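A short write-up of the structure that comes next.
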Amino acid sequence: MGEGEPDRALVEVRDLHVRFGEVEAVGGVHLTAYAGRATALLGRNGAGKSTTMRVLAGVVPPTSGSVLVAGHDVRRHPMAAKRAVGYCPDVGGLVPRATPWEHLQLAARLRRLPTGWEPRARDLLERFELGDVAHRVTAGFSHGMGRRLSVVLAALHEPQVLLLDEPFDGVDPLGVEATLEVVADARSRGAAVLVSTHLRELAIEACSTVSVLRGGAQVAEMSALDMAGEEGARAYRSLLD
Ligand SMILES: Nc1ncnc2c1ncn2[C@@H]1O[C@H](COP(=O)(O)OP(=O)(O)OP(=O)(O)O)[C@@H](O)[C@H]1O
């Protein structure tokens, strides 16, 4: 892709505020995510992680602040920003009456992927152990199967910016491993990855940087290694109170 040079910022969020009526969901987030790196968003329920992700995915507009995705302002150039992103939402996003293969076909059409995307799609389905259910409607899928398919759909077009909101939630160890591989692959081809999760240990495994949100604002940004072990757990706990 050629975007792999180190230290190239692919996500630049400055003083992001998002209001829903009386509720301030995000109140001053600053965040930079770089090519070839993965950043974890950690924080308690309601800290503003998913809302921040939704703004980056172009699903929710920012109330104020500046948000650049792959150099595109999400307000002024929403389509260009969206094209750069692959997004696994925390909930929803799947059509119950459609099969995984139909989801992939639709994603390929919407993304205008050139012919020849099918082998990668099949490979992703196999890696996430969804090959056997590729032609079964998703209505009967377990929560973890739905999570795995959402990661596959986010990764299919090899986006410059990969946004994974709670990708490990309810996912079994093989699914976790496949997700970690998708994160590693994205990093190695020069994408920036953002992972929102409650699982500190997996955040450390998947990411090099951790950003901690509290009450809609960022309260810390640190190396993932500083979050490791008992000392890291204590440091994280102290940021949540
Ligand atoms: N559409 C909405 N309308 C009203 N309030 C909202 C909306 N979306 C989010 N909020 C509120 O904004 C705050 C931040 O929510 P958000 O989902 O971003 O948090 P989160 O860190 O992802 O939480 P969790 O870990 O529980 O997923 C919460 O108080 C939530 O109730």
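The values are calculated or read from the model by the stated rules, or taken from the named source; none is laboratory data. Computed from a prediction, not measured in an experiment: that's the story for all the values here. Note that each Cβ is placed from the backbone with ideal geometry, even for glycine, and that neighbours are counted across all protein chains shown.
The set of residues in segment 201-241 that are more than 16 Å from the ligand (Cβ to nearest atom), over 19 Å from the mean Cα position of the chain (by Cα) and among the hydroxyl-bearing types (Ser, Thr, Tyr) contains only 238. Residues of segment 153-171 that are more than 17 Å from residue 10 (Cβ to Cβ) and away from the ligand (no atom under 16 Å from the Cβ): 153, 156. Applying a threshold of 6 Å to beta carbon distances and a minimum spacing of six or more residues, or different chains, the list of pairs starting in segment 84-98 at a residue that is more than 21 Å from residue 136 (Cα to Cα) and assigned to a strand (DSSP E or B) and ending at one that is aromatic (Phe, Trp, Tyr) and modelled with pLDDT under 95 is empty.
I'd like to know if segment 165-187 contains one or more residues that are in a strand (DSSP E or B), closer than 17 Å to residue 89 by Cα and either of a type in the set (S, T, N, Q) or within 14 Å of the chain's Cα centre (by Cα) (or both). Scanning segment 165-187 turns up at least one residue that is in a strand (DSSP E or B), closer than 17 Å to residue 89 by Cα and either of a type in the set (S, T, N, Q) or within 14 Å of the chain's Cα centre (by Cα) (or both). Just wondering, is there one or more residues in segment 38-61 that are without any contact (Cβ under 8 Å) to a residue 60 or more places away in the chain, within 16 Å of the ligand (Cβ to nearest atom) and assigned to a strand (DSSP E or B)? No, segment 38-61 has no match at all.
Considering only residues in segment 179-199 that are within 16 Å of the ligand (Cβ to nearest atom) and under 18 Å from residue 56 (Cα atoms), the one that is surrounded by the fewest Cβ atoms within 10 Å (Cβ to Cβ) turns out to be 197.
Is it the case, given these coordinates, that residue 16 is away from the ligand (no atom under 12 Å from the Cβ), crowded, with 24+ Cβ neighbours inside 10 Å, assigned to a strand (DSSP E or B) and modelled with pLDDT of 95 or more? When the stated conditions are applied, residue 16 does not pass them.
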